[in-house]
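Visitor: Got a structure for you, written out below as structure tokens; questions coming shortly.
Please treat every number below as a calculation from the coordinates, not as lab data. None of the values given here were measured: they were computed from a predicted structure. Every residue, glycine among them, receives a Cβ derived from its backbone with ideal geometry; neighbour counts consider all protein chains shown.
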Amino acid sequence: MGRRIEFTADRGYNKSCIGGDGVESIKKTLDTARVLAENVSLLGGRAYFVGGCVRDKLMGKESKDIDIEVHGVTAEQLRYVLHGIGGYTQAGE
């Protein structure tokens, strides 16, 4: 399956889910999440890791995906960032 990036814009903030297949893929997933957060920051926004990936980190487990809430950028700006790191699948709006 490879890496997937889903995007949802609603509830006053934007949300991305970055995931992949297998243990080798989690490093690529983390790298992609880091690039997303850095690019959002350059636009004046904030990216927060949320959900199961936070729980898994606290419990010392590997995550299968990373949920990120993005604040302070428009949906269009986030689409631009996501396109630059490999595209995305629109999950809702």
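Visitor: Within region 26-93, list the trypsin sites (Lys or Arg not before Pro) lying in a DSSP loop whose Cβ has at most 12 other Cβ atoms in a 10 Å radius.
Guide: K61
Visitor: In percent, how large is the relative contact order of region 28-74, given Cα pairs closer than 8 Å and 6 or more residues apart?
Guide: Relative contact order comes out at 42 percent.
Visitor: Still on this structure, please answer the following. With each label point set 7 Å from Cα along the Cα-Cβ vector, what nm distance links E69 and R46?
Guide: A separation of 1.0 nm, rounded to one decimal place.
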